[in-house]
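Heads up, the thing below is written out as structure tokens.
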Amino acid sequence: MAKDGKRGGSSLGFILGILFGIAVGILLAILFAPQSGEETRGKLNAQSDEMRKRYQEALDQGREAYGRAREEVMTRMKQQG
């Protein structure tokens, strides 16, 4: 666990960083692949759709984790108060 207790936030940042790195790697691989411009554009469109889907999934997971953490904090505060 991180020293400042922000483990969930750093995990989400790590996941988003990984997804961003994958997106950049895919983009570079497609741009430097020997193929026609039309094929490249088609692949870029397909890859951008896939990355949008992955980004949305990561965002949804982050929101769910935030919601669970918030509920846990609220429950503990009620128990103490």
(message) Could you check the range 35-53 and list, in sequence order, the residues that are over 14 Å from residue 25 (Cα atoms) and either hydroxyl-bearing (Ser, Thr, Tyr) or not in a helix (DSSP H, G or I) (or both)?
(response) 35, 36, 40
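Identify all residues within the range 18-53 that are among the hydroxyl-bearing types (Ser, Thr, Tyr) and loosely packed, with under 13 Cβ neighbours inside 10 Å; write none if there are none. Even if it seems obvious, please write down each step before you answer.
Here is the first cut: in the range 18-53, the ones among the hydroxyl-bearing types (Ser, Thr, Tyr) are 36, 40, 48.
Scanning the range 18-53 gives a single hit, 36.
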(request) Tell me, please, whether a residue that is modelled with pLDDT of 90 or more, exposed (fewer than 13 other Cβ atoms within 10 Å of the Cβ), of a type in the set (Asp, Glu) and closer than 23 Å to residue 25 by Cα can be found in the range 54-69. (result) yes
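The values are calculated or read from the model by the stated rules, or taken from the named source; none is laboratory data. Predicted model only: the values in this text are computed from it and were never measured. Note that each Cβ is placed from the backbone with ideal geometry, even for glycine, and that neighbours are counted across all protein chains shown.
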